[in-house]
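All remarks here apply to the structure that follows.
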Amino acid sequence: MWNNIKTTALLGLLTGVLLAIGGLWGGQNGMLIALGIAAVMNFGSYFFSDKIALSMSGAKPISREDGPRIYQIVERLAGKANIPVPKIYLIPTDSPNAFATGRNPNHASVAVTRGILAICDDEEIEGVLAHELGHVRNRDILTSAVVATLAGAITFIGRMVFWGEMFGMGGGGGRDREGGALSALAMMILAPLAAILIQLAISRSREYEADATGARITGNPQGLARALKKIDEWSKRVPMQVSPSMAHMYICAPLTGREMFSNLFSTHPPIKKRIERLVGPGYY
């Protein structure tokens, strides 16, 4: 229920942002255009955000013949979690990671990278997939996918306004043009920051919740703890660069950078704290 409220609020926020920009840029006509765009984006966010996320990650469906190991694990865990078996996708990268998406447990998908299958044993893969099925069972996968769409949309709007002003599409001239250029530059800077803050507000607590749910599903928190440690270590050797709008969806933050800024703007809790919650202090 709470995740449905959050999703509705996010879609309302997207509508409000678009209407505000439309009104500032084009008055009443601009607001009408923005309302039409918002309706299309809200519809797309609800029904197609999972497909957008899978496409942006480069994930491809994997057949039972090509991935019998992962099918066996997912089917066993789905039975334990009492949810339908999600669709399974493979991301062709050697960096270890995974995410789940979809609008509800009946329309869910899980995606794992080639790298995570290579470095993790079956208990560790089980822990990772139980975490992702925890997202599915907790019904926060729609919220996560909508956040990805919303963050991408806000960033895109910021760039659109910036370039529109630069090429004289915002109207006015002289001081108005200078003011428009300054406001457009501010939008270019603030839009990605706003997108990050929205992701931060949504994603950190849900990772702890999915860790706990995954550990209950498997009854083996050590498997997930070992997997998180491996993913954290290997990701530093083989970084996975993805769209910032999708960073919060993965089991571990796939973006790397300077430690101070990485910790400040990370969409995930620190791996050490996650492991401590699973198995106690001293493990990592």
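Hey, among the residues in the range 86-114 that are over 26 Å from Pro239 (Cβ atoms) and assigned to a loop (DSSP other than H, G, I, E, B), which one's modelled with the highest pLDDT? Filtering the range 86-114 for residues that are over 26 Å from Pro239 (Cβ atoms) and assigned to a loop (DSSP other than H, G, I, E, B), the one modelled with the highest pLDDT comes out as Pro86. Looking at Val40, Val17 in this structure, which one is among the β-branched types (Val, Ile, Thr), in a helix (DSSP H, G or I), surrounded by 18 or more Cβ atoms within 10 Å (Cβ to Cβ) and modelled with pLDDT under 90? Testing whether each residue is among the β-branched types (Val, Ile, Thr), in a helix (DSSP H, G or I), surrounded by 18 or more Cβ atoms within 10 Å (Cβ to Cβ) and modelled with pLDDT under 90 leaves just Val17.
From the list Leu117, Leu142, Leu133, the lone residue that is in contact (Cβ under 8 Å) with a residue 40 or more places away in the chain and under 20 Å from Asp232 (Cβ atoms) is Leu117. Has the range 43-62 got any residue that is of a type in the set (D, E, K, R), loosely packed, with under 14 Cβ neighbours inside 10 Å and either within 30 Å of Ile119 (Cβ to Cβ) or over 20 Å from the mean Cα position of the chain (by Cα) (or both)? There is at least one residue in the range 43-62 that is of a type in the set (D, E, K, R), loosely packed, with under 14 Cβ neighbours inside 10 Å and either within 30 Å of Ile119 (Cβ to Cβ) or over 20 Å from the mean Cα position of the chain (by Cα) (or both). Only one of the numbered conditions (1) in contact with a strand residue (DSSP E or B) (Cβ under 9 Å, 6 or more places away or on another chain); (2) at pLDDT below 70; (3) in a loop (DSSP other than H, G, I, E, B); (4) of a type in the set (A, V, I, L, M, F, W, C) is violated by Ile83, and that is (2). Does any residue in the range 217-246 that is within 19 Å of Gly280 (Cα to Cα) and without any contact (Cβ under 8 Å) to a residue 60 or more places away in the chain come within less than 6 Å, Cβ to Cβ, of a residue that is of a type in the set (Phe, Trp, Tyr) and not in a helix (DSSP H, G or I) six or more places away or on a different chain, and which pairs are these? Here the result reads Lys229/Tyr284, each pair linking the range 217-246 to a residue that is of a type in the set (Phe, Trp, Tyr) and not in a helix (DSSP H, G or I).
Count of the range 35-93 residues, restricted to those that are closer than 16 Å to Tyr250 by Cα, among the polar types (S, T, N, Q) and in contact with a helix residue (DSSP H, G or I) (Cβ under 9 Å, 6 or more places away or on another chain), is 3. Residue count for the range 197-214 satisfying the condition of being closer than 18 Å to Val146 by Cα, modelled with pLDDT of 65 or more and surrounded by fewer than 19 Cβ atoms within 10 Å (Cβ to Cβ): 2.
Filtering Ala130, Ala108 for residues that are surrounded by 24 or more Cβ atoms within 10 Å (Cβ to Cβ) and touching a strand residue (DSSP E or B) at 6+ places or on another chain (Cβ under 9 Å) leaves a single hit, Ala108.
The values are calculated or read from the model by the stated rules, or taken from the named source; none is laboratory data. Predicted model, so just to flag it, every value in this text is computed and none were measured. Note that each Cβ is placed from the backbone with ideal geometry, even for glycine, and that neighbours are counted across all protein chains shown.
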